[in-house]
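To start, the structure under review is shown below, and the notes come after it.
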Amino acid sequence: MSDYLPQEVILEILRRLPVKSLVKCRSVCKAWSSLIKNPSFISSHLQTALSKPNDHLLLLRLFKNDKESYFLHFDNDDFDEYKQLHFPFKSNSPWFRLVGSCNGLVCLQDGFFPLDSVELILWNPSIQKYITLPKPSVTCLSGRAYNSTLGFGFDSRTNDYKLLNVVSMSVGEEAETLTEVYLFSLYGNSWKRVTAISPKYGIEGHNFSAFVNGAVHWLGYQRGKDGGFRNMVLGFDISTEKFNVIRLPESLVDLCPMDLSIMKYEESSIAVLKRDWEDGEQLDMWVMKEYGVNESWTKVLHLTDQSGEVLPRVLGFRKNREVLLEVDGGELASLDLNCRQMENLGIEAEAGFLFVGSYVESLVFLDKGIDTGSLNDANHVNDSSDSDVSNEGESEMT
């Protein structure tokens, strides 16, 4: 084909192909294999995929009958299943914690404490490749009780993927104070300590983080001498490596941080949930319609327990702005915020174990990592070799 078409035309055609087709195209010739594995092509293919709004996919994690499963669904009216992903890992814990998903990579955490026994994995299920990260070294805990909170995102300035580990600990009668912050660079394959730039806030680490606009977001708080709280959204820009603070609506500022949780709203902002048990269970959801503009906080949902049943758990948003919920102890449903009409999507899991997030298939890791087809135990080391060259097409999904 290269005898009839200019190189730039071939490049444009390849860039528009789906991941599965490109994996097969690597076996056409050495020139195509080298091109498709080139980091610049991987990056340009990803940008092309992200620019296709009609191909929006959602990643679902289910835990049912002691089995962890991952699926991709089209974000269309029928919520059609696109494919089930091959999940090759075996957890040392009952299940993996899903830290986050970005540009086709899924960050998994196996284990919780102590930190030196936790396994951290970056996995691209579309091409069946993964990398196990080096364990962070936390130096100042000295046997004290601590919390560790993770966030995962993409540094667009350096084309790098980064994992943030925030460690907080209790000191005497004082509130939790942010004491240790570590940042992992995928392409540097190393952790570094960035504690010197961190503000002295506690972080509510029992919920997921939200990666939007180049920053990882958590719920942060300060505790006064009277024992009260002052809550805010704490963001960490992974390019500038600086923290920033976003104010919450006044009705959320003084609550117990454990009553709040944060999530991504659409593709470029955040939402905060409040769950209140004082006067019967209540669920409120606020969205920041314009990121960084405090006046744009808007309450879009208020539910109260009127039947004695547990209120739904909010999982995320669809491209049509409907809200995905876990209802009735593990069923997935979609709620139209305008007419308050709910539709059951016919998917079930054990209560509390559903995860839904936006997803794009990508070639990230095609040029490095370990093929999950070679996975034979739970302990593996980083591998950036080109050992897969002799098996062109081995990464095709099953």
Item to complete: Could you order peptides 283-290, 309-316 by the average number of other Cβ atoms within 10 Å of their residues, highest first?
Response: 283-290, 309-316
Fill in: Per-pair calculated FRET efficiency, R0 = 25 Å: Q222 and S268 via Cβ, rounded to 0.05
0.35
Fill in: Dipole magnitude (debye, nearest 20) for segment 289-374, charges at Cβ of Lys, Arg, Asp, Glu
380 debye
Item to complete: Can you tell me the FRET efficiency between V245 and E290 if r is taken as the Cβ-Cβ distance and R0 is 25 Å, rounded to the nearest 0.05?
Response: 0.90
Worksheet item: Which of the pairs K20/K162; K20/K67; K162/K368; K192/K368; K192/K225; K225/K289 have their Cα atoms more than 28 Å apart in this structure?
Response: K192/K225; K225/K289
Response to the item:
Taking placed amide H atoms and a strict 5 Å upper bound, the residues 5 or more places from G369 or on another chain that come that close are D383, S384, S385
Fill in: lysines with Cα under 16 Å of K24, excluding same-chain neighbours fewer than 8 positions away
K37, K129
Worksheet item: With labels modelled as points extended 7 Å from the Cα through the Cβ direction, what inter-label distance (nm, one decimal) is found for S93 paired with K52?
Response: 3.5 nm
Item to complete: Give me the net charge of F96's neighbourhood, meaning all other residues with Cβ under 11 Å from the Cβ of F96; Lys, Arg count +1, Asp, Glu -1.
Response: 0
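Read-outs: derived from the displayed coordinates by stated rules, not from any lab. Everything numeric in this text was worked out from a predicted model, so none of it was measured. All Cβ positions, even for glycine, are placed from backbone atoms using ideal geometry, and neighbour counts span all protein chains on display.
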